[in-house]
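Every number here is computed from the coordinates shown, using simple stated rules; none is lab data. Keep in mind the model is a prediction, meaning the values are calculated, not measured. No Cβ is skipped: glycine too gets one built from the backbone with ideal geometry, and neighbour counts run over all protein chains shown.
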Amino acid sequence: MLTASCLLTTSLDGLEGPPFSPDGGLPNDGGGADIADATITDSEVGSGNADGGSDGGQIEDAPILDADANRPSFVVRVGGVLRGIAEHGAYVYWVQPDLGAGIARVRKDGEGMSAFVEMTENAFDVAVDDEYVYWSTGGSPGTGNEVHRKSLHADGSSGAFYFSGSRETLYLAAGIAGLVYVTGFNSVAVGPQRPLDAGTSEQLYPMQDGAIGIAVFGMDLYWSSDAGIVRGSVAGLAQKGPQPLYRAAPGEAAGIATDGREVFWIGSHGTVRAISPDDPNATPREVCRASAETSDAESDARPDADGGTSVVADIAVDDEWVYFTEPAVRQISKCRKR
């Protein structure tokens, strides 16, 4: 058990804005809906093409047959550093720690302006469900090693402490009944401890070296680590031990997402990949590739002496689209899942 320890004056559903400078809240070009690094709805799965990338020859090189259909398209550009992203309903959410620091969002259909959900300087990742937006505070000195939340039903209130993690709180996945799954300090945990709002969390899987990204669908829990991508259960070790899903070199996967049929991640050279968790013989397929100048998924996504500003690519999926950050060019892009 882990103990608790300036321009846009019209609000968007009571939210503050704008989050950007100098590029502003640029509209996007449409998409689907649900949670990044978290639970999302089921969807159709098609066939894909494998790609070798930089993972030591574990999968075979093959081209994308329809390059134009899988070429990333622009969603939104920010004026500073990008951290975690999420998506839910009609919006894409993200964390930006500078030039107006906080949790921001923009509509996927290109309507309206970007706006802040919460202004805060200590955010690392974000997750969303029907009721709340959640964010982690990382693990650098002074951040507090906490998860906070704020109601999506605008009432003018600020975000509030929800629970603490194990020395650091990194990536998040929003589950059912207000439970939030979190990585940090080489472990996978869930909070808050029952009863809800108790302010503490529980370790589900300790000794997970380099645990970073996390995703959940139903009873299945997935996380990325130094060993690659691992599968477990929301009930933790009492239900299922950690099972390797995809073996890769450290840094191959940081943020991950799932639609229940595939697990998605963005590789160290900007290649978006997916793999079926239910086929023991499955090999990753290439979904699309980020901008040629990106190559920005670092080998260590954890915040440290830099205050958590490491450039790390993150990913989210919905029924039709994969959304991912391109920190090197300071934008969020998307491509069709298949």
* Enumerate the amide H contacts of Ala254 below 5 Å, restricted to partners 5 or more residues apart or on another chain; note that Pro and chain-start residues carry no placed amide H. => Ile266
* Fewest first, what order do Glu111, Glu320, Glu146 take by the number of other Cβ atoms within 10 Å? -> Glu111, Glu320, Glu146
* Asked: Any idea how far apart Leu237 and Phe74 come out in nm if each label point goes 7 Å out from Cα toward Cβ?
  -> 5.0
* Structure fact -> Placing each pseudo-label 7 Å from Cα in the direction of the beta carbon, Ile176 and Ala160 end up separated by a distance in nanometres of 2.5
* What spacing in nm lies between the two simple spin-label points modelled at His153 and Asp130, each 7 Å away from Cα in the Cβ direction? -> 1.1
* Structure fact -> Listed with the fewest Cβ neighbours within 10 Å leading, Ser151, Ser268, Ser114, Ser276 appear as Ser151, Ser276, Ser268, Ser114
* Tell me, what HN-Hα J-couplings in whole Hz come from the Karplus equation 6.51 cos²θ - 1.76 cosθ + 1.60 at θ = phi - 60° for each residue of the range 244-250, using x for Gly and Pro? -> x, 9, 8, 8, 8, 6, x
* Asked: Mind checking which lysines have their C-alpha under 24 Å from Lys337, skipping anything on the same chain fewer than 8 residues away?
  -> Lys108
* Name the long-range amide H neighbours of Ala198: under 5 Å, sequence gap of 5 or more, or other chain; modelled H, no Pro or chain starts. => Gln193
* Asked: For the residues Cys335, Cys288, what sequence is obtained by ranking on other C-beta atoms within 10 Å, fewest first?
  -> Cys335, Cys288
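For the range 73-336, how big is Rg over Rh, using alpha carbon atoms and the Kirkwood form of Rh?
Working: Rg = 16.6 Å, Rh = 17.9 Å.
With Rh from the inverse mean 1/r over Cα pairs, Rg/Rh is 0.93.
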